[in-house]
Amino acid sequence: MTVGEMLVATVPMARTLNLEFLETTPERAVVRLPDQADYHNHVGGPHAGAMFTLAESASGAIVIAAFGDQMSRAVPLAVKAEIGYKKLAMGEVTATATLGRPIADVVAELDAGQRPEFSVAIEIQRADGAVTGEMTVVWTLRPNG
């Protein structure tokens, strides 16, 4: 099962919005929100809440891809998120997430008994390539026990 398939199977909101996980690697996650009238706002584009969920889902996908091998000893949790809406989004939108710290550095903190935090940067784009939003999610790996 791919990271995207796992998230669609286990995260009801990802299924509800019909998110499409196009790429999920430790270096990058790309997730698309199809154009769906049920999730439009008052101007006919994707609702801000749907775009937030899209971006947060892309951040979760890269976290799972990067740290999935740590799940037996730690739980990934979003700590905080900040989003900025830059341009009007219309039609389908795609979120691309990148990890803000080297994986080895985060794992080293976990190995040292710490609760590491790291950011994930996400860019939201329209089909024409225009950036419509930017989001940062700070994640932690909370050690089990």
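The values are calculated or read from the model by the stated rules, or taken from the named source; none is laboratory data. Remember, it's a predicted structure, so these values are computed and weren't measured experimentally. Quick reminder, even Gly has a Cβ in these numbers, built from the backbone with ideal geometry, and neighbours come from all protein chains shown. Remember, those area values only see protein heavy atoms, side chains included, never the ligands or the DNA or RNA. Shrake-Rupley method; radii C 1.70, N 1.55, O 1.52, S 1.80 Å.
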(request) Return the only residue of Val107, Val79, Val120 being more than 15 Å from the chain's Cα centre (by Cα) and not in a loop (DSSP other than H, G, I, E, B). (result) Val107
(message) Looking at (1) part of a helix (DSSP H, G or I); (2) surrounded by 16 or more Cβ atoms within 10 Å (Cβ to Cβ); (3) not aliphatic (A, V, I, L, M), which one does Arg15 not meet, given that it meets all the others?
(response) (2)
(request) Can you tell me which residue among Val3, Val43, Val63, Val30 is among the β-branched types (Val, Ile, Thr) and over 14 Å from the mean Cα position of the chain (by Cα)? (result) Val43
(request) Considering each of Ala130, Ala74, Ala65 in turn, give the residue that is under 19 Å from Phe21 (Cβ atoms) and touching a residue at least 24 places away in the same chain (Cβ under 8 Å). (result) Ala65
(message) Return the pair list, or none, for Cβ contacts closer than 6 Å from residues in the range 21-41 that are within 16 Å of Gly133 (Cβ to Cβ) to residues that are in a strand (DSSP E or B) and among the β-branched types (Val, Ile, Thr), at least 6 apart or on different chains.
(response) Val30/Thr96; Arg32/Thr94; Leu33/Val93
(message) Let me confirm something: among Ser72, Ser57, which residue is open to solvent by 30 Å² or more (accessible area, probe 1.4 Å) and of a type in the set (Ser, Thr, Tyr)?
(response) Ser72
(request) Kindly provide the set of residues from the range 18-55 that are part of a helix (DSSP H, G or I) and of a type outside the set (D, E, K, R), ordered by number. (result) Ala37, Tyr39, Ala48, Gly49, Ala50, Met51, Phe52, Thr53, Leu54, Ala55
(request) Give the residue that is nearest to Ala65 (Cα to Cα), with candidates limited to residues of the range 30-50 that are buried (at least 17 other Cβ atoms within 10 Å of the Cβ) and touching a Pro at 6+ places or on another chain (Cβ under 8 Å). (result) Leu33
(request) Test each condition in (1) open to solvent by 60 Å² or more (accessible area, probe 1.4 Å); (2) at pLDDT 95 or above for Gly145 and report the one that comes out false. (result) (2)
(request) Determine whether the range 29-40 contains at least one residue that is in contact with a strand residue (DSSP E or B) (Cβ under 7 Å, 6 or more places away or on another chain), among the acidic types (Asp, Glu) and on the phi < 0 side of the Ramachandran plot. (result) no
